[in-house]
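The values are calculated or read from the model by the stated rules, or taken from the named source; none is laboratory data. Because the structure is a prediction, the values reported are computed rather than measured. Cβ coordinates were reconstructed from backbone atoms using ideal geometry, including for glycine residues, and neighbour counts include every protein chain displayed.
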Amino acid sequence: MIPSSKTAGDIRKVRLKGELADLRFKPLSPREVSVVALVGRAKVNKDIAFELGLTVGTVKVYLCRIFRKTGVTSRTELALWYRDR
């Protein structure tokens, strides 16, 4: 459990280091892992869609699910989360 003295900013810093992510982490599907890997390589949605044979809309759906499962709130945070795993 997180001590109550921590602020939201502290929690975000801990999450980026991968410590809190383990508490909130829900397993990603193989396709979600592929999307995360491409986000980590700084690919935009259009490039991810082309590379994986998806539509841009489907990539957006995957990203929403990934954000919810990992607890991140931005692509940058997701790339850092992936790098630190």
Q. Which residues, counting only those in region 39-49, are surrounded by fewer than 20 Cβ atoms within 10 Å (Cβ to Cβ) and closer than 17 Å to W81 by Cβ?
A. G40, R41, A42, K43
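Quick check on region 20-69: of everything there that is small (G, A, S) and in a loop (DSSP other than H, G, I, E, B), which residue is modelled with the highest pLDDT?
Among those residues, the one meeting the criterion is G53.
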Q: May I ask you to verify whether K60 is surrounded by fewer than 16 Cβ atoms within 10 Å (Cβ to Cβ) and in contact with a Lys or Arg (Cβ under 8 Å, 6 or more places away or on another chain)?
A: no
Q) Applying the selection to region 71-85, what residues are assigned to a helix (DSSP H, G or I) and out of contact with any Phe, Trp or Tyr (no Cβ under 8 Å at 6 or more places or on another chain)? A) R75, T76, E77, A79, L80, W81, Y82, R83, D84
